[in-house]
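Peer 1: Got a structure here, written out as structure tokens. Questions coming.
The values are calculated or read from the model by the stated rules, or taken from the named source; none is laboratory data. Here the structure is a predicted model, which means the values were calculated and not measured. As a convention, Cβ positions derive from the backbone with ideal geometry for all residues, glycine included, and neighbour counts pool all protein chains shown.
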Amino acid sequence: MIPLIACIILFLVGLYGVVAKRNLIKIALGFCLMEYAVNLFFAFIGFKKDCLAPIVTQLSAPKNFVDPIPQALVLTAIVIGLGTTAVMLALALRIYGKYKTFDIGEIRRLKG
Amino acid sequence: MGGMTVIVKTITRLIAGFIFLYGVYIVLHGHLTPGGGFAGGVIIAAAFILLILSFGTLEMKERVSYAFGSLLESIGGLMFILVAAFGLLLGSYFFLNFIPKGTPLRLVSAGIIPLANIAIGIKVGAGLFSIFLALGASKYIMKE
Amino acid sequence: MVELYLLLIAMLGAAVVAIEIKDLLAAAVSMGIVGFSVAIMFILVQAPDLAIVQIVVEVLTVVYFAAVILRTTHIDSTIGVKPQYLPTIVYFVFGTLFLIIALYALRDLPRFGFPIMKVASFYINNGLTQTGAANVVASIILDYRGYDTLGEAVVLFTSVLGVLTIMRRLGKKE
């Protein structure tokens, strides 16, 4: 239960970065932290005590594996998180090129 | 952005090929050991990013371009869809495993899974390398 | 499981540092520490596939952040300017409510370490004979649930398309 609560606290730290910070790079870091927290939460749900990784090494060994379905769901989610971060960074770079600052308070005032 | 010192360039010349080989190994053995298409594809992208970072954009300008990266990524995606749609051509459902399964725990086994892994490895590797070219080495001039 | 709890504490500390620190490059490095702790925790819960992908993706994330920060500016110029209190207060109220409701909801999940594996036992027992792959996770994502991998391929393609479109050169065509 404690690892699951720690994942939710990490999610809330990332949410603080998105909501209450004014620098665009800090907002992107907050999104990235939220993705890590959700992936870790899914991996913790699939854990079974005293079991092995889900890879068959000998054909006749007894199969006590951890749950492989949350691992299959998270495997693609990690790479999609990288794609999302890249799009946010491209937007931040383009905004800096036009307004010369990362501060969203200033950008709201300048308005092209 | 410029390149790095002579030490970094020498080590990169020696090591970049081995990193690429390691990525190809993880892609090909995706059905036997942990890893698969996604991990191997990202490692292949990392090998090419290492080359760009250590030699600088001025020297790599005539060798890499956006168009080649986008072309490779589209080829990877098309290969994955063709492998999956082959089941429809054979008169059955999408993603049919039409290649015979073979003996387990050998390299050539498990039907369409190695082919799909190779397609995803090419796609992910080329895509992430194109993203790095756009973010770090684009010709976008900051002062307009 | 003592190492799991130590890694959780390190991860939370690095996350708070990454959000609060003034230098942007140091924030990117703290992000790397968080990703690295997540990868080691994936090994501790017996998920080696995820650990490999998480390590290389975290390295590439830090490289992307550093590539953007080194082209623009190092310093976060918003710390020290007149702070706004309304978003912080609203956030803390919402955060406390969310945590209390989550504690009630987590009580209904199975205990940590004893999952109910109804569909997973079918995949584990029949995976090797029906697909021929020794890696159960690979046989799930590419044979039993191949549509999800197709969806992921489309999302990655869209994100590459988006980045290349945002960063194209706007020329003046006569």
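Peer 1: Of everything in the stretch C:15-66, what is away from chain B (no Cβ under 14 Å), surrounded by 22 or more Cβ atoms within 10 Å (Cβ to Cβ) and of a type in the set (G, A, S)? Give them in sequence order.
Peer 2: The answer is C:A15, C:A18, C:A27, C:S37.
Peer 1: Just one of the numbered conditions (1) within 12 Å of chain C (Cβ to nearest Cβ); (2) without any contact (Cβ under 8 Å) to a residue 40 or more places away in the chain; (3) of a type outside the set (S, T, Y); (4) not in a helix (DSSP H, G or I) is not true of B:H31; which one?
Peer 2: That leaves (2) as the condition not met.
Peer 1: Looking at C:L128, C:L150, C:L142, can you tell me which residue is farther than 26 Å from A:I80 by Cα and either outside any loop (DSSP other than H, G, I, E, B) or not aliphatic (A, V, I, L, M) (or both)?
Peer 2: On the way: C:L150 fails: farther than 26 Å from A:I80 by Cα; C:L142 fails: farther than 26 Å from A:I80 by Cα.
Exactly one of C:L128, C:L150, C:L142 is farther than 26 Å from A:I80 by Cα and either outside any loop (DSSP other than H, G, I, E, B) or not aliphatic (A, V, I, L, M) (or both), namely C:L128.
Peer 1: Please go through (1) of a type in the set (V, I, T); (2) surrounded by 14 or more Cβ atoms within 10 Å (Cβ to Cβ); (3) without any contact (Cβ under 8 Å) to a residue 24 or more places away in the chain for B:T103 and return the number of the only condition it doesn't satisfy.
Peer 2: Evaluating B:T103 over (1) of a type in the set (V, I, T); (2) surrounded by 14 or more Cβ atoms within 10 Å (Cβ to Cβ); (3) without any contact (Cβ under 8 Å) to a residue 24 or more places away in the chain leaves (2) as the failure.
Peer 1: Quick test for you: out of C:L86, C:L99, C:L150, pick the one residue that is within 24 Å of the chain's Cα centre (by Cα) and over 30 Å from B:I99 (Cα atoms). Even if it seems obvious, please write down each step before you answer.
Peer 2: Values: C:L86 fails: within 24 Å of the chain's Cα centre (by Cα); C:L150 fails: over 30 Å from B:I99 (Cα atoms).
Step by step, each of C:L86, C:L99, C:L150 is checked, and only C:L99 is within 24 Å of the chain's Cα centre (by Cα) and over 30 Å from B:I99 (Cα atoms).
Peer 1: If you check every pair at least six apart or on different chains, which have Cβ atoms under 8 Å apart with a residue in the stretch C:32-57 that is touching a residue at least 40 places away in the same chain (Cβ under 8 Å) first and a residue that is in a helix (DSSP H, G or I) and charged (D, E, K, R) second?
Peer 2: So the pair list comes out as C:L44/C:E3.
Peer 1: Pick from B:I15, B:I52: which is surrounded by fewer than 17 Cβ atoms within 10 Å (Cβ to Cβ), aliphatic (A, V, I, L, M) and within 26 Å of B:S138 (Cα to Cα)? Before you say what the answer is, go through the steps one by one.
Peer 2: Details: B:I52 fails: surrounded by fewer than 17 Cβ atoms within 10 Å (Cβ to Cβ).
Result of the check over B:I15, B:I52: B:I15.
Peer 1: For residues in the stretch A:38-75 being among the polar types (S, T, N, Q) and at pLDDT 90 or above, which is nearest to the chain's Cα centre (by Cα)? Outline the logic, then answer.
Peer 2: So in the stretch A:38-75, the residues among the polar types (S, T, N, Q) come out as A:39, A:57-58, A:60, A:64, A:71.
From the residues that got through so far, the ones that are at pLDDT 90 or above too are A:39, A:71.
On the way: A:N39: 6, A:Q71: 15 Å.
So the residue we want is A:N39.
Peer 1: Name the single residue that is modelled with the highest pLDDT among those in the stretch B:98-141 being more than 7 Å from chain C (Cβ to nearest Cβ) and farther than 26 Å from B:A46 by Cα.
Peer 2: Looking at the filtered set, the residue picked out is B:I112.
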